[in-house]
Amino acid sequence: MSRKKDLVAYCGLYCDDCMARKGKVADLATELKSELKASGFDRFASAISDVPFFKALKKYPDFTEVLDVLVAARCTKTCKEGGANPACEVRICCKEKEIEGCWVCGEFVDCEKLRFLEGVHGIAHIRNLRRLKRKGVNEFVKGRHDWYVKPPAQKTGKKTPAKKK
């Protein structure tokens, strides 16, 4: 159980849910890079990219740059072991406050330090933090964790017109 507890990040996400931690994407990107290099695909892409049907191959160097990023996007350490972004404001804040995670802090719902997660995770981290606060870490790791949850629609105050029959 203690190993599973170590997988709970300061922000409420669960490290083993992360594609970077699982490593499959990095493995596949490595394999694809190797195959493309072995087959001399860079020469092929350059030679055929003037054909209209293959014009997207002009972007092949950009594609290989993306593959490099995917290969490097492997995370071998958990958040609490210093994995992912070493300058993470959430981690720094929790360490400064000497708390186990944001769920211990009463300000997590409106904390600006957590906002950067919304682009990738929606409000999953907030939902997880609420569960952690309510159930505790031991119960949280036994259950389901959210990785992405679509934020609720913003209310605009405008009434939706009735549908015509």
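The values are calculated or read from the model by the stated rules, or taken from the named source; none is laboratory data. Since the model is a prediction, treat every value here as computed from it, not as a measurement. Every residue, glycine as well, gets a Cβ built from its backbone with ideal geometry; the counts of neighbours run over all protein chains shown. Remember, those area values only see protein heavy atoms, side chains included, never the ligands or the DNA or RNA. Shrake-Rupley method; radii C 1.70, N 1.55, O 1.52, S 1.80 Å.
Here are the numbers for this structure:
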| item | result |
| --- | --- |
| Solvent exposure of the chain as accessible area per residue, Å², 1.4 Å probe | 71 Å² |
| Kirkwood hydrodynamic radius (C-alpha pairs) into Stokes-Einstein, the stretch 1-77, 10 °C and 1.306 mPa s, D in µm²/s | 108 µm²/s |
| Carbon and sulfur %, accessible surface of the chain computed with the full protein complex present, 1.4 Å | 56 percent |
| Pairwise centroid distance, computed over Cα atoms, of the stretch 30-104 with the stretch 108-155, Å | 25 Å |
| Phi to ³J(HN,Hα) by Karplus 6.51 cos²θ - 1.76 cosθ + 1.60 over the stretch 103-108, Hz, x for Gly, Pro | 4, 6, 7, x, 9, 4 |
| Under 5 Å, built H, 5+ apart or other chain: amide partners of Gly12 | Cys102 |
| Rounded to 10°, Cα long-axis angle of helix 60-72 versus longest principal axis of the chain | 40 degrees |
| Compactness of the stretch 78-134, expressed as Rg and Dmax over alpha-carbon positions, Å | 10.9, 28 |
| Phi to ³J(HN,Hα) by Karplus 6.51 cos²θ - 1.76 cosθ + 1.60 over the stretch 83-93, Hz, x for Gly, Pro | x, 6, 6, x, 9, 4, 5, 5, 4, 4, 4 |
| Lys95 versus Met19: modelled label distance in nm, points set 7 Å from Cα along the beta carbon direction | 2.8 nm |
| Under 5 Å, built H, 5+ apart or other chain: amide partners of Val149 | Gly122, Ile123, Ala124 |
| Rounded to 10°, Cα long-axis angle of helix 124-135 versus longest principal axis of the chain | 30 degrees |
| Reduced Cα scattering model of the chain, Debye log10 I(q)/I(0), q = 0.17 Å⁻¹ | -0.99 |
| Charged-residue dipole, Cβ positions (Lys, Arg, Asp, Glu), the stretch 14-133 about Cα centre, Debye nearest 20 | 220 debye |
| Using alpha carbons only: equivalent-ellipsoid semi-axes of the stretch 43-97, gyration tensor based, whole Å | 42, 11, 6 |
